[in-house]
1. Quick one: in segment 1-31, which of the residues that are of a type in the set (A, V, I, L, M, F, W, C) and open to solvent by 70 Å² or more (accessible area, probe 1.4 Å) is modelled with the highest pLDDT?
2. Given the conditions (1) closer than 11 Å to Ile125 by Cα; (2) surrounded by 11 or more Cβ atoms within 10 Å (Cβ to Cβ); (3) in contact with a helix residue (DSSP H, G or I) (Cβ under 8 Å, 6 or more places away or on another chain); (4) not small (Gly, Ala, Ser), report the number of the one that Pro190 does not fulfil.
3. Would you check which residues across segment 124-139 are surrounded by 12 or more Cβ atoms within 10 Å (Cβ to Cβ) and either basic (Lys, Arg) or not in a loop (DSSP other than H, G, I, E, B) (or both) and list them?
4. Which members of segment 131-190 meet the condition of being touching a strand residue (DSSP E or B) at 6+ places or on another chain (Cβ under 7 Å) and polar (S, T, N, Q)?
5. So in segment 149-181, with the set limited to residues that are in contact with a helix residue (DSSP H, G or I) (Cβ under 8 Å, 6 or more places away or on another chain) and in a loop (DSSP other than H, G, I, E, B), which one is farthest from Pro132 (Cα to Cα)?
Amino acid sequence: MRDDEDATERLLNYRAGRLSDEDRAAFEAELADGAEARRSHDLADRIAAGFDAPDATPGEVGWARLKRSIAAEPVAKPKAGFTVWHLAGAAAAAILLWQVGVTPLIERTEPGAGYTTASGDAADILRIAFAPEATEAQIRAVLGEVGGRIVDGPSALGLYSIALPDGADLSAAVSALRARAAVVETVTQP
C-alpha cells in the first residue's frame, strides 16, 4: 500500500464499491499478496459489521464486549496465610485483651500506691492571703522562716496554698505567719 491516508481512502472506496474495475482488481491483488492489507481489510469488515447490525445499540455492543472481557479474565484466588493487616489486627486484639482483661486483675500492694498530690496531705496545708503591697522577696523570707512553699494559687479570692514540711508544728507556723502582719493578711488551716 502507498501511504496510510491513501490506503485508508482506497479501503473505504473499495468497501463502498466506488473503485473502477481496474483499481478494484489492483486492490484485490494487494489484498492477496500483503498480510498488512488483509489485516486492515478484515478490521474494516468487522467494524462495518458492527455498524451494519440493525438491532445493536452502542450500549448493547459495549455490554457484550464487557461480558466477553470479564469471561476471558482468570479469577484470582485469594492468597493463603497472614497478611500485614491480619497481624496488625491480632496485635490490636492482644493489646485490647490485656487492657480490659488483665490490667484490672493486677493487685495493688496498697491503696493509692504510686500517686501523691502535688500539694501533699491536707493536714500540712495552710491558706494564706498576702498583703497587696508585699514584695516577692518579703514573701520568700516569710515562707522561708516556716519552711513553707507555695503549691497552689492564687485562687479567685487571692489565697495561696502553702505546704509545710513533714512533721512541722502547724500552730507554731500559723503564729509565726500571723506575727508578720505587714506581709501576711490572713492565715487559715483548711
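The values are calculated or read from the model by the stated rules, or taken from the named source; none is laboratory data. Note that this is a predicted model, so its numbers are computed, not measured. Here the Cβ positions follow ideal geometry from the backbone for every residue, glycine too, while neighbour counts run over all protein chains shown. All accessible areas refer to the heavy atoms of the entire protein, side chains included, with ligands and DNA or RNA removed. Shrake-Rupley method; radii C 1.70, N 1.55, O 1.52, S 1.80 Å.
1. Step one: of segment 1-31, the residues of a type in the set (A, V, I, L, M, F, W, C) are 1, 7, 11-12, 16, 19, 25-27, 29, 31.
Imposing the further condition that a residue be open to solvent by 70 Å² or more (accessible area, probe 1.4 Å) reduces the set to 1, 12.
On the way: Met1: 42, Leu12: 73.
Only one residue tops the list, namely Leu12.
2. Unmet condition: (2).
3. Taking segment 124-139 as the starting set, the residues that turn out to be surrounded by 12 or more Cβ atoms within 10 Å (Cβ to Cβ) are 124-131, 134, 138-139.
Scanning segment 124-139 gives Asp124, Ile125, Leu126, Arg127, Ile128, Ala129, Phe130, Gln138, Ile139.
4. Selection gives Ser161, Thr186, Thr188, Gln189.
5. Among residues in segment 149-181 that are in contact with a helix residue (DSSP H, G or I) (Cβ under 8 Å, 6 or more places away or on another chain) and in a loop (DSSP other than H, G, I, E, B), the one farthest from Pro132 (Cα to Cα) is Asp166.
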